[in-house]
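Visitor: One structure follows; several queries about it will come next.
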């Protein structure tokens, strides 16, 4: 993508044009006029108009006013970082009439080292027969030579001509499987789409991106060469997820499908019980791998989010167990002799948070120590090495964050060795950040496609 523009958004974009009951030709004429006026105004009387910069077209399809507002806000955030054209479509089901209701708003970014950029958001309210032909409708607005992404904010109408017609003009379909209204039917339609879509069509799931931290934590355990044999010795996989209901198992099914596709597991049988419990059995060579899901109550987690993943098995006569927990239960540490643990405010005393704070403080100590001479000279004017403290002091309590909801605690047990603990802070990512990351890194992910097919295979059984 183009270099980030990096500017601050206004509270509301500037409305440049609005029309009710108009045709697409009128919308296109208004859009071209707005772009031409901006180019002439920026060039002035003594320069030629600057070429328009655009790296992609993002088409968002919404069904409600709330989705429409969310799409507009996300498009503005993306446009503030990368010049893009955005089209937000809202289908007004049941509405009658002819023509479109259209709005064009703009945000102007003025980076310090480049020419000003105007990012337009075209909002279209469509109804009647036009709603069944989104692709041909927006095709005149598309910018040639740059990718076009179709972001379906709800459940895409898999199997219907409306979606397939729209996909003909797009390079990728973006969706969020955690928002599917009927997860089983949606996953079935999605799995079929993988087999019939054109080769250049990419698929991107925001739910899959949210699971990246889990996949990386699990994969890191098997990264050392001496642990590679453990991959062929896995016998148990357990996943805890928040919420009740079949639809909240998608994340757990994705993790299972990812491991099954990578390790060649073959699903034998699966069943679901009360309370969100799922039991499945896979065949891996001559071994059986047991997979268990269970629903847990976590008030701070959204339904469907994962709470814990456990992997266990035996290889080469040695047992191993891996546990990755998100924001695990950590009771307060009872006061003992004075130490830095007791200096933390009540309500947040936990070993994982302390460990993160201690690790950050140690890193800052090392940075200060490496630059001690130059920092001392800058601060005091004394020659390096004279009249300076011997060791810099960084207090752990000053480096600890109050929010540990995104703490991942990994516990590793191998054979008779003492358990190893690792704590990491996983930064929260909002919808705009996830979407921009997907668009920037590419939407053709064969690993996701294979994992999706295996996840649907499991969901179909339960």
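Read-outs: derived from the displayed coordinates by stated rules, not from any lab. From a predicted model like this one, the values you see are computed outputs, not experimental measurements. Don't worry about glycine lacking a Cβ; one is built from the backbone with ideal geometry, like all the others, and counts go over all protein chains shown.
Visitor: Using only Cα atoms, what Kirkwood radius does segment 14-170 have, in angstroms?
Guide: After inverting the mean inverse Cα-Cα distance, the result is 16.3 Å.
Visitor: Another question about this same structure. What's the ranking of 424-434, 234-244 by average number of surrounding C-beta atoms within 10 Å, highest first?
Guide: Final packing ranking: 234-244, 424-434.
Visitor: With a Förster radius of 30 Å, plug the Cβ-Cβ distance of residue 188 and residue 55 into 1/(1 + (r/R0)^6) and report the FRET value to the nearest 0.05.
Guide: The value I calculate is 0.30.
Visitor: Roughly how many Å is it from the Cα centre of segment 254-285 to that of segment 22-39, as a whole number?
Guide: Taking the Cα centre of each part, segment 254-285 and segment 22-39 sit 53 Å apart.
Visitor: Using a simple spin-label model with points 7 Å from Cα along the Cα→Cβ vector, what separation in nm is obtained for residue 426 and residue 220?
Guide: 1.1
Visitor: Given an 8 Å cut-off on Cα distances and at least 6 residues of separation, report the relative contact order of segment 14-170 as a percent.
Guide: 29
Visitor: With labels modelled as points extended 7 Å from the Cα through the Cβ direction, what inter-label distance (nm, one decimal) is found for residue 108 paired with residue 299?
Guide: 4.9
Visitor: How much length is gained if the chain between residue 139 and residue 263 is pulled fully straight, taking 0.36 nm per residue apart and subtracting their Cα-Cα distance, in nm to one decimal?
Guide: Contour length minus Cα-Cα distance gives 40.4 nm.
Visitor: Work out, step by step, the length gained on full extension between residue 413 and residue 271: first 0.36 nm times the residue separation, then minus their alpha carbon distance; give nm to one decimal.
Guide: Between residue 413 and residue 271, full extension yields an extra 48.2 nm.
Visitor: I need the peptides 86-92, 47-53, 456-462, 214-220 ranked by packing, meaning the mean over residues of other C-beta atoms within 10 angstrom, with the highest value on top.
Guide: Listed from highest to lowest mean packing, they are 86-92, 456-462, 214-220, 47-53.
Visitor: Which FRET efficiency value, to the nearest 0.05, is calculated for residue 116 and residue 33 with the Förster distance at 22 angstrom and r the Cβ-Cβ distance?
Guide: So, using R0 = 22 Å, E works out to roughly 0.80.
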